[in-house]
1. Of the residues that sit in the range 643-689 and are more than 30 Å from residue 435 (Cα to Cα) and among the charged types (D, E, K, R), which one is least open to solvent (accessible area, probe 1.4 Å)?
2. Take the range 167-189 and flag every residue that is over 21 Å from the mean Cα position of the chain (by Cα), part of a helix (DSSP H, G or I) and not aromatic (Phe, Trp, Tyr).
3. Would you tally the residues in the range 298-323 being over 34 Å from the mean Cα position of the chain (by Cα), open to solvent by 20 Å² or more (accessible area, probe 1.4 Å) and under 20 Å from residue 273 (Cα atoms)?
4. Only one of these is open to solvent by 10 Å² or more (accessible area, probe 1.4 Å), of a type in the set (Phe, Trp, Tyr) and assigned to a helix (DSSP H, G or I): 588, 601. Name it.
5. Within the range 84-106, is there a residue that is among the β-branched types (Val, Ile, Thr), exposed (fewer than 14 other Cβ atoms within 10 Å of the Cβ) and over 22 Å from the mean Cα position of the chain (by Cα)?
6. Look through the range 618-640, keep the residues that are touching a Ser or Thr at 6+ places or on another chain (Cβ under 7 Å) and in a helix (DSSP H, G or I), and return whichever of them is farthest from residue 659 (Cα to Cα).
7. Just a yes or no: is a residue in the range 121-135 touching a Lys or Arg at 6+ places or on another chain (Cβ under 8 Å), in a helix (DSSP H, G or I) and open to solvent by 30 Å² or more (accessible area, probe 1.4 Å)?
8. Every residue in the range 569-585 that is within 19 Å of residue 13 (Cβ to Cβ) and either assigned to a helix (DSSP H, G or I) or among the hydroxyl-bearing types (Ser, Thr, Tyr) (or both), please.
Amino acid sequence: MLPIILSVLAVIVVAWTLAYHRANALAWSVALAAGAASLTVFAAPPAGVVALSWVAVAVFAALSVVRPIRRAIVTGPLFGLFKRVLPQMSQTEQEALDAGSVWWDADLFSGKPDWSKMLAYPAAKLTAEEQAFVDGPVEELCGMLDEWEINNERMDLSPEAWKFIRDKGFLGIIIPKSFGGLGFSAFAHSEIVTKISTRSGAAAVTVMVPNSLGPAELLMHYGTEEQKNHYLPRLAKGQEIPCFALTNPDAGSDAASIPDFGIVCKGTHEGKEVLGIRLTWEKRYITLAPVATLLGLAFKLYDPDKHLGGEEEIGITLALVPTAHAGVNVGRRHDPLGCAFMNGPTTGKDVFIPMDWVIGGKAEVGTGWRMLMECLAAGRSISLPSMSMAAGKIGTRVTGAYARIRTQFKTPIGRFEGIEEPLARIGGTTYLMDGMRRMTMAALDMGEKPSVISAMCKYHMTERMRSVLNDAMDVHGGKGICMGPNNYLGRAYQTLPIAITVEGANILTRSLIIFGQGAIRCHPWVLKEMRAAGGNDLPAFDLAFWGHVSFTVSNAARALWLGLTGGKGISVPGSRQTRRYLQILTRFSSAFALLADMSMFVIGGSLKRKEMLSARLGDILSHLYMMSATVKRFHDDGCPKEDLPLLTWAMYDSSFKMQVALDGVLANFPSRPVAWVLRQLAFPKGLTLTAPHDKWASRVAKLLIEPGPVRDRLTAGIYLPRKESDLVGRLEFAMEAAIQAEPIEAKIRAAHKAGKLSQRTMAERRDAAVKSGIVTLAEFEHLVRTDRLRREVIMVDDFPTDLSRQPAQEKAPWPLKAAASM
């Protein structure tokens, strides 16, 4: 009996090893034959058992190795079943899936990421020309911007700022040099938007929208040569102000169902009868519409009289319409949470345009949804993520400084553990966000258009902006909630729901798009199976289906082993500080791939309606990407040991949240027996990962309240004028002064405690300290300067009773030798 048990165990071990290493069918057949031979020779079982084992080996080999036999007996019937149960996909769904490209997200879906490949990706860098633009015109523009004036007095940028933006090419960042644009990289585009955003959200939106999804990008990819030659130079020079109108009151997130329509017909244009389109539309939330000269318009096109010779319902089409054209209504504004960027509705009824105004001309009618999805695949990962990055960077800089300047109980508030916790979240989150941004920009500059990753960037970076600003406001307290010229946080906090809402509302993006597209686009086999079924290609389906089976079995074996070992022992590249994180990521990649496969298999086509489950699966994929990008960022920076607290906090926080998401999928999986099995495979030792330890939170917080290279790296790229008159620049001077004042204040406190300074008030004690030589006159004067700067930082604005916007900052009497309490 023992030989039989040992033989069975040996077969199990060999089978697990083959599955773990994704062996092919021939290797499996050879291994099974060896197992049968071993059983026959060493265990001497009954003849019937021997015969049965060899028959099983022969059947397995025939079905797995001889493809014609497998197709006829097994795959053929499965193919018919698969085609019957496969949900029908609309044209718009298919175009959304086809849009963009698959990049590192596919590796994460593989269960076995190639970390050497990831670490070898080029780092995002600016060219000398791009850096000069950021240091020159961008810096100069930021110096022209006053956010309070823009949003509360002008409700617009100043005429000087508008002229500067046009003249210096800010509206043509993405337009090639051959058409008069700047032709900058995606990373430069991001750096420009990030820097401007740290000064003014309204100005940043004004710059980023013409360079995002809109007329310029659409023309570059799909316009006719005549359209490009006419419009791109004018857009680049700011002679045209573009906007793009998609959202209708009855079609927001479900943009494919827009009711705006056009009818192909003949009409008169410039005195001639031409073939064209009669348009009717009602759009809202259109940025730059009130001042636009060129309107990009999305609508459904119909051809009832068959002028184009095809179907009556042609589909979504895009056109460029000058706003001066008869019947176009623009000019009114929305008020998006008090942020003064131009945004408003546009309407038109029975407006005739020539067919030449369709982007791409007559040849591109009906292809508008594909155009939008392909452009959004890249653009969604630049604009709003860059604004979010700006919030992270400026939030880190000002909150760290304020926490060092502001004292309570004679101690800088940044040294209280209750404040260290949000400071750590701010710093660690910002570090992770920048890693995600930089790696994604590198992908775009390599020519990728990663649609799934762009959705991750939009959702997670805007949500992390929300987290950073919430924590920053908590630390600032009353300073943050009183609006006025001296409030550098309130406007960003007030307007952050705009970023959460636009370019795909975050709820929709998380629950439908990230995993919904990722499961098909990034999976190594699912899309191949679907295309084979759609094309009725049995040989292709056979290869894809059995590849999928092998993939799932392999990930089950890998998930179990890596769950037992925690990923330890896997050979991974990189620095010693990051190798453990890559092992953890490999483990969760295998577990995620298994869980995704079983979710699709058990739940099937209704998975897209299980939105909470899909959202958690998307969270796992997103954390895998964010953690990958954070490791990449640490390596690109040269693995500075001073950044280890930031790396450690970010990786622990994200891995813990990834574990919570995976646990949430299992806890809510509809088939409880399957969920039990999956839990044993994914978590054979239970939930072992923890949130960041308090000691790492304290270390991150200390980095934020101390000037130094780590703080500078973390906040690089913000607008930071070295002027005491500037509200953000003043923080830097006040922080430096407060740090230099601490040892001076400590000497006075020690003398007071020793009985050498018995005066009642701090001002009197300071006078006595100078007279008695405890501090020098220069030190005393530094304390006075520190008190002045500290007071200017912590004070808030006040207004007349009717809140007319003429601030009179509270000014209490301020004698030369006044002193704050210590």
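1. Out of the qualifying residues, it is 679.
2. Answer for the range 167-189, where residues must be over 21 Å from the mean Cα position of the chain (by Cα), part of a helix (DSSP H, G or I) and not aromatic (Phe, Trp, Tyr): 167, 171, 172, 177, 178.
3. 7
4. Answer to the check: 601.
5. There is at least one residue in the range 84-106 that is among the β-branched types (Val, Ile, Thr), exposed (fewer than 14 other Cβ atoms within 10 Å of the Cβ) and over 22 Å from the mean Cα position of the chain (by Cα).
6. Narrowing the range 618-640 to residues touching a Ser or Thr at 6+ places or on another chain (Cβ under 7 Å): 623-624, 626-627, 631, 634-635, 639.
Subset that is in a helix (DSSP H, G or I): 623-624, 626-627, 631, 634-635.
Working: 623: 10, 624: 11, 626: 14, 627: 13, 631: 18, 634: 23, 635: 25 Å.
Out of the qualifying residues, it is 635.
7. Checked the range 121-135: no residue is touching a Lys or Arg at 6+ places or on another chain (Cβ under 8 Å), in a helix (DSSP H, G or I) and open to solvent by 30 Å² or more (accessible area, probe 1.4 Å).
8. none
The values are calculated or read from the model by the stated rules, or taken from the named source; none is laboratory data. Just so it is clear, the structure is predicted and the values come from calculations on it, not from any experiment. Note: ideal-geometry Cβ built from the backbone for every residue, glycine included; neighbour counts use all protein chains shown. Each accessible area value is taken on the protein alone, full model and side chains, heavy atoms only, with ligands, DNA and RNA left out. Shrake-Rupley method; radii C 1.70, N 1.55, O 1.52, S 1.80 Å.
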